[in-house]
Amino acid sequence: MNRTRLYDWHVAAGAKMAPFAGYEMPITYPLGAVEEHLVTRRSVGLFDIDHMGQIEVKGPKADAFVARMATAKIDDMKDGDARYSLLLNDRGTVIDDLFIYKIPGSWWIVVNASNRLEDLAWFNAHNDEGVSIVDHSDETYMIAVQGPRAIELMDLVADAKISDYPRFSSGRAKVLGVPCLVGRTGYTGEDGVELFFPAEDAVKLWTGLLAEGERRGIETKAIGLAARDSLRFEAGMPLHGHEISQDIYPLESGFKWACDFEKDFVGKAALLKLQEDGVSRKLVGVELPAGGVPREGYELQSPEGARIGVVVAGMYCPTAKKFAANALVDPAFGKSGLAVKIVVRGKALDAMTIKRPLYVPAYRR
Amino acid sequence: MNIDKNARYNVSHEWARKDGAELVTGISDHAQHALGDIVYVELPAVGKALKKGETFGVVESVKAASDMYMPMSGTITAVNDALSADPALVNREPYAGGWMIKYTPSNPAEWDQLLDSAAYEAQAAKE
């Protein structure tokens, strides 16, 4: 089991640690998952996400390689741009989701910890362009600083004006003296940044950001993976293995917008065929108005009790104050405002399909 | 960990306390701490008769659902309705505002089968 360089800090802070994607990660701190979620929504949350992987692609034909591997539109990306993308297999299902940063001289691709080795193998197996593919995950640390006051804090601690960075962009800056790639990106629905920097500076930057937050009167707390999950869920962001996976087509879970059909990409042919045939499932939000916690694997039923689908993720949403789920269902139930049932431990509870997301992300407001 | 010395305990972390002729039950401070933030509590209908060891409800934390078991047999006379609006009461006041059920015992002798507070504390400390 891997430990991040902040492992000792997390344990000393009283975090509950658990294995996640091969790392022992903080799930909650003594503050509790609900309050950690709410702090991130009202001020600043600090996330140790060193388990995430970073792969750099460069070479004369790197643009063509990235454009062919990623589903997103790539050819209009300039230095400093950052964009969400999917990585598909030939069947058109999702190997991983990526955040792609175009930085001077190369492409910086952030991948999920649990998929890193598979992504690398897939890149290497498809490297017709002869590009350089380097995994920087071990020597690169990643911390996310998220929340409505995150940019205010960053402006105070960085040697560049981070508030001038457009959303979905990146730049180089020193943060508390540590050289960072600063991406104005995140996975919480809040404004904020993701910092990439040399791993040996992890403790210095982490403790420095917490201390600066306190000193400047900006409430800043360490946030565990449980709140990270509820934050991303409320904001409508997918988690690989749940809303997207190698068993799910992006067209089923509403990710056509992340696919650029004007270009060629791996998996495109399969998606075009699927578009012709029609999808057999759709991702929909579902709420349990009277309470109860819908969890992964729970069955969805029609009002008459017929099986119509399954929950892929579900939880209590602290900001929306709702018990909600994402479910893959028969397309007939793939729109909001329909009465359905969720079977919670043997009991079919009345539920309602709802609009996603429950919390409109800051970048869309 | 806080222990209510007036209560007796199930190995599975429910407490029972005498309240006149009735019993009150909730989960221990140790249990709420292990579960983390509690977001939903499912409780039985008033009037329901349950045997010692039977499931009387479910406590849902952020990450998991856990059954709760009757410390003693009895008939439910009241449930804590405050928990539907504020389930975190179980985290804040596991022995007071976070109580779950009241019931009239059908076999009061079962009291002596429960762990006393010292025995429970010793068991919980080992976990």
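The values are calculated or read from the model by the stated rules, or taken from the named source; none is laboratory data. Note that the coordinates shown come from a computational prediction; the quantities given were computed from them, not determined experimentally. So basically every Cβ, Gly included, is an ideal-geometry build from the backbone, and we count neighbours across all protein chains shown. Heavy atoms of the whole protein, side chains included, go into the accessibility calculation; ligands, DNA and RNA do not. Shrake-Rupley method; radii C 1.70, N 1.55, O 1.52, S 1.80 Å.
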List nothing, just return the count: lysine pairs in the stretch B:8-109, 8 or more apart or interchain, with Cα separation under 26 Å.
7
Could you state how much accessible area is buried at the A-B interface, both sides summed, with a 1.4 Å probe, in Å² to the nearest 100?
1200 Å²
Could you sort A:153-159, B:115-121 so that the peptide with the highest average Cβ count within 10 Å comes first and the rest follow in order?
A:153-159, B:115-121
Other chains' Cβ within 10 Å of A:44-50 residues: what's the mean?
0
Sorted largest first, extent of the stretch A:292-365 alpha carbons per principal axis (Å):
39, 25, 17
In nm, spacing of pseudo-spin labels at B:Ala65 and B:Met1 (7 Å Cα→C-beta vector)
2.6 nm
The percentage of the accessible area of the protein assembly as shown (probe 1.4 Å, all protein chains present) made up of carbon and sulfur atoms, to the nearest whole number, is 51 percent
Considering just Cα atoms, how many Å³ per residue does the convex hull of the stretch B:16-58 enclose?
102 Å³
In whole Å, what is the distance between the alpha-carbon centres of the stretch B:45-61 and the stretch A:236-278?
45 Å
Using a 1.4 Å probe and ignoring any ligands, DNA or RNA, find the accessible area of A:Tyr363 and quote it in Å² to the nearest 10.
100 Å²
For the stretch A:44-133, the Cα convex hull volume per residue in Å³ comes to 109 Å³
Percent relative contact order of chain A, based on C-alpha pairs within less than 8 angstrom and at least six residues apart?
18 percent
So how do B:14-26, A:224-236 stack up, highest first, on mean other-Cβ count within 10 Å?
A:224-236, B:14-26
Any idea of the accessible area per residue across the stretch A:280-364, 1.4 Å probe, to the nearest Å²?
44 Å²
P(r) of the stretch A:1-153 in 5 Å steps, Cα pairs, percent per bin?
2, 9, 16, 18, 17, 14, 12, 8, 4, 1
With only alpha-carbon atoms counted, please give the Rg and Dmax of chain A, in Å.
20.5, 62
Could you check the simple spin-label distance between A:Glu296 and A:Lys161, using points 7 Å along Cα→Cβ, in nm with one decimal?
4.4 nm
Give the average, rounded to an integer, of partner chain Cβ atoms located within 10 angstrom of each Cβ in B:32-40.
5
Ordering of A:345-355, B:35-45 by burial proxy (mean other Cβ atoms within 10 Å per residue, highest first)
B:35-45, A:345-355
Rounded to whole Å and sorted largest first, what semi-axes of the equivalent ellipsoid does the C-alpha gyration tensor of the stretch A:80-170 yield via the square root of 5 times each eigenvalue?
29, 14, 13
Whole-Hz couplings from phi, Karplus 6.51/-1.76/1.60, listed for the stretch A:155-161; x for Gly and Pro
4, 7, 10, 9, 8, 10, 7
In nanometres, what is the gap between the two model label sites at A:Val203 and A:Ser114, each 7 Å from Cα along Cα-to-Cβ?
3.1 nm
For A:226-237, what's the mean count of beta carbons from other chains sitting within 10 Å of each residue's beta carbon?
1
Hey, could you grab the Kirkwood Rh for the stretch A:151-199? Inverse mean 1/r over distinct alpha carbon pairs, Å, one decimal.
10.7 Å
Normalised convex hull volume, chain B, alpha-carbon set, Å³ per residue:
89 Å³
How do A:Arg184, A:Arg365, A:Arg83, A:Arg356 rank by accessible surface area computed with a 1.4 Å probe, from largest to smallest?
A:Arg365, A:Arg356, A:Arg83, A:Arg184
Between the stretch A:189-203 and the stretch A:41-76, how many Å separate their Cα centres?
14 Å
In debye, nearest 20: dipole of chain A around its Cα centre with unit charges on the Cβ of K, R (+) and D, E (-)?
1080 debye
